[in-house]
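The values are calculated or read from the model by the stated rules, or taken from the named source; none is laboratory data. Quick caveat: nothing in here was measured; it's all calculated off a predicted structure. All Cβ positions, glycine included, derive from the backbone under ideal geometry; neighbour counts span all protein chains shown. To get the accessible areas, we keep the full protein, side chains included, count just its heavy atoms, and leave off ligands, DNA and RNA. Shrake-Rupley method; radii C 1.70, N 1.55, O 1.52, S 1.80 Å.
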Amino acid sequence: MPIQLNQVYYTYNLNRPDSKRALEDISLTFDDHCFTALIGKTGSGKSTLIQHLNALLLPDSGRVQINEHVLDFPVQVKKNGKVNYRKMKKLHKKKLPQVKEIRKTVGIVFQFPEYQIFEETVLKDVSFGPKNFGCTEEEAIEKAKKALTMVHLDESFYERSPFELSGGEKRRVAIAGILAMEPDILVLDEPTVGLDVRGQREFFHLIQDLYDQGKSIILATHQMDVVLRTCSRVIVLDQGKVVLDSTPLKLFQDKEFLSSSSIEPPIVFSFAMSLIERGMPIRLENIRSTSTLAEEIARVKGGKQ
Amino acid sequence: MNTKLGKYTSFNTLLHHMDARVKLITMIIFMVSVFLDYGTTYMNLVVDLFLFLILVILCIIGKVSVGTIFRALKAIWLMIFIILIINVFFPATKTGDIAFSINDFPVYWSSIMNVIFIFARLVLVLMMTNIFTCVTKPLELTNALEFLLFPLSLIRIPIHKFAMALSLALRFVPTLQEEADRIIKAQASRGVDYKQGKIKDKVKSIVSLIIPLFVSAFTSSGQLADAMEARGYDPNAKRTKYKTTHWSIVDTISLFLAASFLTGAILLAIFPYDLFSALQITLPKLK
């Protein structure tokens with residue numbers, strides 16, 4: 001089990017008048033080679049949770065384990081039963097040498113990742129990550145080239161300035177910057193916001209490829225059709241708590257839960273559900289996208305598959 | 001980073017409700033009186049002490065934490081130390097009483113008093129500006145500045161453009177802070193360590209923060225300009241105020257008090273009065 005969270009609590013501006021509880025008692029396990037979706041409204045704690053996965057944020061209390069690296073912040077209690085904040089604070093000030101290893105294992109692609117670009121050429125920018133993790137110049141460039149090929153940027157881009165590229169190309173450079181670090185676990189925070197339809201499609205193809213290569217993917221998104229098409233597990237967050245941990249198939253069938261948490265199932269799925277209501281024996285578990293729905297209808301109607 | 005210093009905190013106090021123009025004028029008056037010369041260093045220190053007491057009272061009224069100010073002083077201890085060294089080894093005057101000697105090297109009282117005096121001025125200026133920005137909203141501050149600069153408009157200097165630029169700059173400080181935070185996190189996940197490492201690595205890591213920050217600042221300023229024009233902003237048009245200020249009796253009294261303080265300070269500076277010789281207190285001679 002590469003990632004394990006145990007009773008993680010996190011509050012922004014702790015012990016200040018404007019404090020805001022962001023995560024509450026989160027206990028989750030992400031298995032090796034998983035494709036998991038994190039969904040929830042804006043402000044439900046998705047981004048906060050993601051930042052815990054590579055130690056950008058440390059839990060106020062709780063335990064985060066990533067492979068063999070452990071970040072443990074047990075609750076310190078005084079003799080009278082109250083929480084000893086001073087001791088907790090001390091615990092957070094300790095140096096954590098395992099952080100660098102964790103960041104190498106877990107790569108995060110943030111929302112609008114293109115703002116991390118800063119080098120003069122695309123190749124230099126992409127090789128920045130591997131160099132930070134101790135690769136030599138040649139190794140880093142080798143990895144950068146590999147990552148750029150993965151995001152479909154060819155040699156003509158290598159020496160261009162990343163700032164003169166189009167929005168979609170910049171996004172790809174930024175993502176390549178993370179891929180070049182060769183993380184085992186890739187965490188993506190709404191990665192396709194602001195991309196055109198073609199860019200989005202290409203992007204999800206890329207993620208699927210990476211998953212097939214054996215990487216774990218954790219994806220925070222609002223696009224339910226993506227969740228249905230690609231993910232095998234879905235976690236729903238609300239106000240900093242895990243309210244559902246299930247599969248997309250079960251989630252989209254649970255009408256009560258959907259209406260209470262204002263999640264819209266994808267159109268393909270709703271369409272398939274209404275077909276079933278009208279008596280068409282479709283197997284819901286086969287439905288992942290428009291093409292699979294068409295295949296199902298064809299199968300039922302006895303048409304060509 | 002000490003972010004509490006000089007940050008506006010919303011409280012419901014007398015100082016918060018005062019007209020920003022009065023507060024600004026008062027601050028300028030205090031600042032002028034700090035830098036006036038009242039005859040001798042001792043008298044300067046007496047005035048500084050008096051001013052310090054006033055400022056502490058203002059802190060209490062405006063619920064400004066005095067502790068934060070003194071905690072911020074930590075950063076300038078080194079500077080004070082250097083000033084002390086320079087003053088001790090290169091005294092301005094080689095006359096006056098000697099405080100003590102280090103291996104026959106005389107340390108004059110004037111050197112020590114000089115350092116104390118510089119320190120006192122620094123603390124006072126820091127306190128004033130801190131109190132002012134803690135009890136005044138940035139927007140009110142710019143309005144007050146715009147008002148006080150109005151004589152410049154007589155010689156056709158477009159002050160409201162300056163005021164607009166200033167208020168936009170202030171408005172974007174927290175936004176840039178957020179942006180910097182995001183970039184730091186993004187680069188940290190690419191393995192940048194902003195805290196440890198060799199100097200060369202540190203410089204490199206700062207470059208990886210500054211360039212994206214500039215890029216995003218330029219982008220957002222362009223977008224802001226477009227948004228303002230789209231909503232009909234015309235830099236040459238006459239501007240009206242969204243918030244009208246109400247002049248209250250407190251403002252009149254404060255302005256009057258500040259004015260009398262200034263008069264007193266100027267009078268004292270022109271006609272020096274040596275409190276200590278009048279009270280027949282002997283202090284080490286400085287000159």
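Listed values, structure above:
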quantity: Where B:His16, A:His222, B:His246, B:His160 fall by accessible area, highest first, once all protein chains stay in place (1.4 Å); calculated: B:His246, A:His222, B:His160, B:His16
quantity: Bins of 20 Å, starting at 0 and running to the largest distance - Cα pair percent for chain A; calculated: 29, 53, 17, 1
quantity: Amide hydrogen neighbours beyond the local backbone of A:Ile108, cut-off 5 Å, H modeled; calculated: A:Val187
quantity: Accessible-area composition of the stretch A:33-81, carbon plus sulfur, in percent [1.4 Å probe]; calculated: 49 percent
quantity: Residue-normalised accessible area of the stretch B:7-50, given per residue in Å² at a 1.4 Å probe; calculated: 47 Å²
quantity: B:Arg156, A:Arg171, B:Arg171, ranked by accessible area, largest first (probe 1.4 Å); calculated: B:Arg156, B:Arg171, A:Arg171
quantity: Amide H within-cut-off set for B:Tyr108, under 5 Å, with H built and near neighbours excluded; calculated: B:Ala99
quantity: Highest-MSF residue in chain B out of B:Asn12, B:Asn114, B:Asn130 [GNM, Cα springs under 10 Å]; calculated: B:Asn12
quantity: Surface accessible to a 1.4 Å probe, per residue, for the residues of the stretch B:132-287, Å²; calculated: 70 Å²
quantity: Delta accessible area of at least 50 Å² on complex formation, residues of the stretch A:101-143, 1.4 Å probe, chain isolated as reference; calculated: A:Tyr115, A:Gln116, A:Phe118, A:Phe128
quantity: Counting all C-alpha pairs of the stretch B:100-178, share separated by more than 15 Å (%); calculated: 72 percent
quantity: Coordinate range along principal axes, alpha carbons of the protein assembly as shown, Å, largest first; calculated: 115, 64, 63
quantity: Accessible area of B:Ile118 in the full protein assembly, 1.4 Å probe (Å², nearest 10); calculated: 60 Å²
quantity: For the stretch B:52-102 and the stretch A:1-47, distance of Cα centres in Å; calculated: 47 Å
quantity: Extent along principal axes [Cα atoms of the stretch B:1-126; Å; largest to smallest]; calculated: 58, 35, 18
quantity: By accessible area with a 1.4 Å probe, ligands and nucleic acids excluded, highest first: order of A:Glu169, A:Glu256, A:Glu296, A:Glu277; calculated: A:Glu256, A:Glu277, A:Glu169, A:Glu296
quantity: In degrees, nearest ten, helix B:138-148 long axis to first principal axis of chain B (Cα); calculated: 70 degrees
quantity: Of A:Val187, A:Val99, A:Val234, the one that fluctuates the most in a GNM where chain A has Cα springs shorter than 10 Å; calculated: A:Val99
quantity: Total accessible surface hidden between B and A, rounded to 100 Å², 1.4 Å probe; calculated: 1800 Å²
quantity: Chain A: relative contact order in percent, alpha carbon pairs under 8 Å with at least 6 residues between; calculated: 20 percent
quantity: Helix axis angle, B:109-135 relative to chain B longest principal axis, alpha carbon, degrees; calculated: 30 degrees
quantity: In order through the stretch A:180-195: 3J(HN,Hα) via Karplus (6.51 cos²θ - 1.76 cosθ + 1.60), integer Hz, x for Gly, Pro; calculated: 5, 6, 6, x, 6, 10, 10, 10, 10, 9, 6, x, 9, 4, x, 8
quantity: The stretch A:41-153: C-alpha pair distances exceeding 16 Å, %; calculated: 71 percent
quantity: Phi-based couplings in Hz for the stretch A:238-251 (Karplus 6.51, -1.76, 1.60; Gly and Pro marked x); calculated: 8, 6, x, 10, 7, 9, 7, 9, 7, 9, x, 4, 6, 4
quantity: Two-site label geometry, A:Asn13 and A:Glu137: point separation in nm, points 7 Å out along Cα→Cβ; calculated: 4.8 nm
quantity: Accessible area of the stretch A:266-305 belonging to carbon and sulfur atoms, whole % at 1.4 Å probe; calculated: 56 percent
quantity: Coordinate range along principal axes, alpha carbons of the stretch B:244-287, Å, largest first; calculated: 55, 17, 15
quantity: For the stretch B:152-162, 3J(HN,Hα) per residue [Karplus equation, 6.51 cos²θ - 1.76 cosθ + 1.60, θ = phi - 60°, Hz, x = Gly/Pro]; calculated: 5, 5, 5, 9, 6, 9, x, 5, 5, 5, 4
quantity: Pairs of Lys in the stretch A:92-171 closer than 28 Å at Cα, counting only those 8 or more apart or on different chains; calculated: 29
quantity: Crossing angle, helix B:20-34 versus chain B [Cα axis fit, 0-90 degrees, rounded to tens]; calculated: 30 degrees
quantity: Global geometry of the stretch A:266-305, whether rounded, prolate or oblate, following the gyration tensor of its Cα atoms and the 1.5 cut on a/c; calculated: oblate
quantity: Cα-based convex hull, the stretch B:159-230, per residue volume (Å³, whole number); calculated: 98 Å³
quantity: Percentage of interatomic Cα-Cα distances in chain B larger than 33 Å; calculated: 45 percent
quantity: With DNA, RNA and ligands ignored, accessible area of B:Glu140 (1.4 Å probe; Å², nearest 10); calculated: 60 Å²
quantity: Heavy atoms of A:Tyr9 accessible to a 1.4 Å probe, total area in Å² rounded to 10; calculated: 70 Å²
quantity: Solvent-accessible area, 1.4 Å probe, carbon plus sulfur percent, for the stretch B:195-287; calculated: 67 percent
quantity: Mean separation of Cα contacts under 8 Å, 6 or more apart, over the residue count of the stretch A:179-305: relative contact order %; calculated: 17 percent
